[in-house]
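Below is one structure, written out as structure tokens; the observations come after it.
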Amino acid sequence: PGKMLTNISSLCGACCSPRRAFIFVLFVAVQKCDLHKLDEAPATEVVMTREEGLKYYHIMQTIRRMELKADQLYKQKIIRGFCHLYDGQEACAVGIEAAINMSDHLITAYRAHGYTYTRGGTVKKIMAELTGRRGGIAKGKGGSMHMYCKNFYGGNGIVGAQVPLGAGVALACKYQGNNELCVCLYGDGAANQGQIFETYNMASLWKLPVIFICENNRYGMGTSVERAAASTDYYKRGEFIPGLRVDGMDVLCVREATRFAAEHCRSGKGPILMELQTYRYHGHSMSDPGISYRTRDEIQEVRSKSDPISLLKDRLLSNNMASVEELKVIDVEVRKEIEDAAQFATTDPEPPLDELCNHMFSNNPPVEVRGTNPWAKLKSVS
Amino acid sequence: MASSLRSFLRSGKNVVLVLGRRRFHGSGSAAVQVTVRDALNQALDEELERDERVFLMGEEVAQYDGAYKVSRGLWKKYGDKRIIDTPISEMGFAGIAVGAAMAGLRPICEFMTFNFSMQAIDQVINSAAKTYYMSAGQQPVPIVFRGPNGASAGVAAQHSQCFAAWYAHCPGLKVVSPWNSEDARGLLKSAIRDDNPVVFLENELMYGVSFEMTEESQSKDFTIPIGKAKVERQGSHVTLVSHSRYVGHCLDAAAVLAKEGIECEVINLRTIRPMDVESIEASVMKTNHLVTVEGGWPQFGVGAEICARVMEGPAFNYLDAPVTRVTGVDIPMPYAKTLEEHSLPQVKDIIFSVKKTLNI
């Protein structure tokens, strides 16, 4: 429940339209984070402005709708291969981005569509990549798991490998002295990979500005956390690295924790670890119905009690920060954007065959590539 | 003197040669003797100086001066920021190096030997080699993975494997295998200046071997193009193709065969991938006979690839005999000295194979 400041409320009255006075600034209490090797904690009284609230709503709704559209297109066999959907986890991507700059860096594993969007990819280009078209963000060469944009290093298919990569990006930030940091994400499944512990060690030794974030959605594919990890306190697994366990369904909680973590990194203290407790509505991927290892009741309970978009919506409405109508307007806008993107993604042509061998090497003269038979001599340009 | 030197070294001793290692300063005059180790060291030094984005990381590269002293003096000169000692965490630090390359630096990631690179091979292939393609050209990975490859002396099975074929199998990588000091220097500079992932296969037994280096090859901008082989010796009767240490063996065999009137053309591949097949073909079209020589195992190896390529191209019609492969024995490397010697191609094996190929 939010507390209203009556002073601000009356100020607001003066600068709103005569028909409706909204609360422009809200002080909200968010859940306390569990701490590991930390004396200080992220703020539990946080500020959300109306503008921020509407923005977070818009972005989360866009991700939600985009993922649901991808589900649809996959069932129509217009998207093929692997497709790992992010619906339910929107507050993580949006909360993180709200606390860092576009000049910071981010890397994740394969459940990456949400992050591709928050890092600057357009819905159109993301969807066209899923459908494997030339207008895709990776020109159709990468697919669902290999999307890239500025300061976003994918989209990585080998789960766990992205963690040393992220620390390497952080090393480059420290090396270049640019005060940037790298947010480096992995799931509860990957959290048991050895290379992550190698990375914790080096990132700590060298005080790299990296925020390790474990998105704990309770299941690594079909294996629940209890069956995979001897310790499910993922925020403590960094041992000598300070850690936070965060409510990953509350965008403000995520934002606040990320702010805290970013401050920690930028002050030269080295890495920090955040565990975001979150949930995915879909199965592991589109080939997993997601109900053999968990109950429909569980999924329904999360949807009704902890949906990140609903939580934000309730907060906005019950605190008079926005109206039902204007949220509907946003919904309509989002739907249109998704429809337009899907239209593009289904009609844009596939990449031309003469692109097949391109992008082998950067800054290289053209090379010849052997095709399927000795007479097939294909051309590759940078 | 050179051949007795070679036989001394072939017996397996790793000796740092002190003789004649004057540095070349100023203008004019003679070529100098430089060991492969020093050539690599100089190349690293010059490239670190030339571009501040270049840095070296690996086990013992800094304060220990390098497990094989290749990075001697660099930490003292460039400090902790540019020369980084890592814990024993190949998968982790290889990934860190790749990430740093993605974010704009130009790392040189050293594997103490390429045997240890197997721990990190996912980062080399899936994170480094494939990324430029998967991102449709948005994300280059300018990284060099270097270290000693193949057999050493008495280090047994887990420390003696040749990885040329493994890495050269993969699109997106360039794989380079220098033989002498000039190769080491010029190819390492090219590798560091290349905007793509390069696997740079050195050889521990060659580190201490001295070669004459021309004035030109000592210049700071001396580079050898990746993807171009070199004809080390002209000949008309048979083509010998090799890489790394065995180029020396081929030249030794050629010297012996010349006394019997058999003139071998010896080609030093220098680069395994992309392989300079044209140079091999041009030579075969002249000599009509081909023998490949490598230290690695025969199955699916460098020689196997050369056979396939020659069959697919114009040189096939010029062959008077099937291609012969001289390779390491198809076993894990044994420890005992005699067993080890007999696990790798010797000069006499090359001589024998040439004569069989020529039907002499």
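All of the numbers you see were taken from the coordinates with simple rules; none came from a lab. Since the model is a prediction, treat every value here as computed from it, not as a measurement. A quick note on method: Cβ atoms are made from the backbone with ideal geometry, for glycine too, and the neighbour counts reach across all protein chains shown.
See the values below:
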read-out	value
Cα coordinate range in the stretch B:238-301, projected on the principal axes (Å, largest first)	34, 24, 20
Degrees between helix A:251-266 axis and first principal axis of chain A (Cα, 0 to 90, nearest 10)	70 degrees
For the protein assembly as shown: span of alpha carbons on each principal axis (Å, largest first)	105, 54, 51
Residue mean of other protein chain beta carbons inside 10 Å, A:173-182	3
Cα gyration tensor shape of the stretch A:190-255, rounded if a/c is under 1.5, else prolate or oblate by comparing a/b with b/c	oblate
Alpha-carbon centroid distance for the pair the stretch A:15-79 / the stretch A:84-134, whole angstrom	15 Å
Packing rank of B:258-270, A:161-173, A:326-338, A:182-194, where each peptide gets the mean count of other beta carbons within 10 Å, highest leading	A:161-173, A:182-194, B:258-270, A:326-338
Pair-distance profile P(r), taking every C-alpha pair of the stretch A:102-212, with 10 angstrom steps and integer %	16, 43, 30, 10, 0
Most mobile listed residue (A:Val324, A:Val46, A:Val302) in chain A, GNM with C-alpha springs under 10 Å	A:Val324
Helix-only CD estimate at 222 nm, as mean residue ellipticity for the protein assembly as shown, using -39500 (n - 2.57) per DSSP H run (n ≥ 4)	-11500 deg cm²/dmol
Full-extension gain in nm, B:Gln234 to B:Gln158, via 0.36 nm per residue minus C-alpha separation	23.6 nm
Of B:Lys230/B:Lys286; B:Lys228/B:Lys355; A:Lys269/B:Lys130, pairs whose Cα-Cα distance is over 23 Å	B:Lys228/B:Lys355; A:Lys269/B:Lys130
Spatial extent of the stretch B:32-105: Rg and Dmax, with the Cα atoms as the point set, Å	12.5, 40
Per-residue average of Cβ from other chains inside 10 Å of B:50-61	1
Between helix A:90-99 and chain A: long-axis angle, C-alpha atoms, 0 to 90°, nearest 10	80 degrees
Orientation-averaged projected area, Cα convex hull of the stretch A:264-344 (nm²)	9.9 nm²
Among B:Thr287, A:Gly155, B:Ala254 the positive-end extreme of the charge dipole of the protein assembly as shown (Cβ point charges)	A:Gly155
Residue-averaged beta-carbon neighbours from other chains (10 angstrom radius) around A:356-366	6
Net lengthening on full extension, A:Asp314/A:Asp39 (0.36 nm per residue, minus Cα-Cα)	95.7 nm
Gain upon complete extension [A:Val47, A:Val332; 0.36 nm per residue less C-alpha separation]	99.9 nm
Peptides ranked, highest mean first, by Cβ atoms within 10 Å: ranges A:81-91, B:46-56, B:94-104	B:94-104, A:81-91, B:46-56
Range of Cα positions in the stretch A:126-177 per principal axis (Å), largest first	38, 23, 13
Whichever lysines have a C-alpha closer than 16 Å to that of B:Lys348, once near sequence neighbours (fewer than 8 apart) are set aside	B:Lys259, B:Lys356
Spatial separation of Cα centroids for the stretch B:306-321 and the stretch B:230-291, in angstrom	15 Å
Computed over the stretch A:135-287, Kirkwood Rh from alpha-carbon pairs, angstrom	16.0 Å
Inter-part distance where the stretch A:343-372 and the stretch A:197-275 are each reduced to a Cα centre, Å	38 Å
Positive dipole terminus of the protein assembly as shown, leading residue within A:Pro164, B:Ser210, A:Gly136 (C-beta point charges)	A:Gly136
FRET E, pair A:Phe24, A:Lys269, Förster distance 35 Å, beta-carbon r, rounded to 0.05	0.50
Three-way shape call for the stretch B:22-151 based on the alpha-carbon gyration tensor, with the a/c threshold at 1.5	prolate
In degrees, nearest ten, helix A:324-347 long axis to first principal axis of chain A (Cα)	0 degrees
Alpha carbon convex hull of chain B, volume per residue in cubic angstrom	138 Å³
Tail beyond 19 Å, pair distance distribution of the stretch B:133-231 (Cα, percent)	49 percent
